[in-house]
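As structure tokens, the structure follows; a few thoughts come after it.
The values are calculated or read from the model by the stated rules, or taken from the named source; none is laboratory data. Source: prediction; values computed, not measured. Backbone-built Cβ (ideal geometry, glycine too); neighbour counts: all protein chains shown.
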Amino acid sequence: MTADPTIVDKAEPMAKPAGRAARRSASATVAIVLVTLLAATALPLCILLLTGLVPSMVAALVDRYRAKYLTRTVGFMNLAGLTPLVVQLWGAGHTMVDLADILSRPINWLTMYGAAGIGWVLFLGMPSLARVFVDIRADQLQRDLKARAAGLVREWGEEVMGKSKPGS
């Protein structure tokens, strides 16, 4: 007995979202396990990372691009802002008292969240900046092509432009 092809066609689109949902579920499970292990072994570091990575978590929630450009940009900048604080925590002894000292300083919050803010600025500003460079390059290319066309007309005459001479 052969299978009805319409049933197979209807079932195939459903497989893709289920696969995506399964991957998201697996990623969430791995993240929960890692956070739990980190909390059990290095609670001050876990708290510092969870409080410091809030902008990255927000970016991950609002990022509507499949490739997660916003999450990547904000996340990497956020990690860059957290790195000196993590090093400071490790150097100070890695205790809850050291964590409280780090989190009580406004400059540290500015470092963590300011770096994430720079990530947002990069994400929002780079397309406009890239557009300016593309426009400048297009204008330059247009000028070069017009100069080249003028050189060809001087060398070969008006016929090169596809226009016939009067009376021909």
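General observations
- For the range 74-81, the count of residues that are surrounded by 14 or more Cβ atoms within 10 Å (Cβ to Cβ), at pLDDT 95 or above and among the β-branched types (Val, Ile, Thr) is at least one.
- Some residue of the range 43-56 being in contact with a His (Cβ under 8 Å, 6 or more places away or on another chain) and modelled with pLDDT under 95: yes
- Scope the range 53-73; condition among the aromatic types (Phe, Trp, Tyr) and surrounded by 13 or more Cβ atoms within 10 Å (Cβ to Cβ); matching residues: TYR69
- Top-ranked residue in the range 94-142 [being surrounded by 10 or more Cβ atoms within 10 Å (Cβ to Cβ) and in a loop (DSSP other than H, G, I, E, B); ranked as modelled with the highest pLDDT]: ARG105
- Tabulated pairs, the range 46-65, first closer than 16 Å to ALA31 by Cα, second surrounded by fewer than 18 Cβ atoms within 10 Å (Cβ to Cβ), C-beta under 6 angstrom, 6+ apart or interchain: CYS46/LEU38; CYS46/ALA39
- Checked against the criteria, LEU50 does not count as under 22 Å from ALA40 (Cβ atoms) and buried (at least 20 other Cβ atoms within 10 Å of the Cβ).
- When THR111, THR73 are checked against the criterion of being over 30 Å from ARG24 (Cα atoms) and in contact with a Gly (Cβ under 7 Å, 6 or more places away or on another chain), THR111 stands alone in meeting it.
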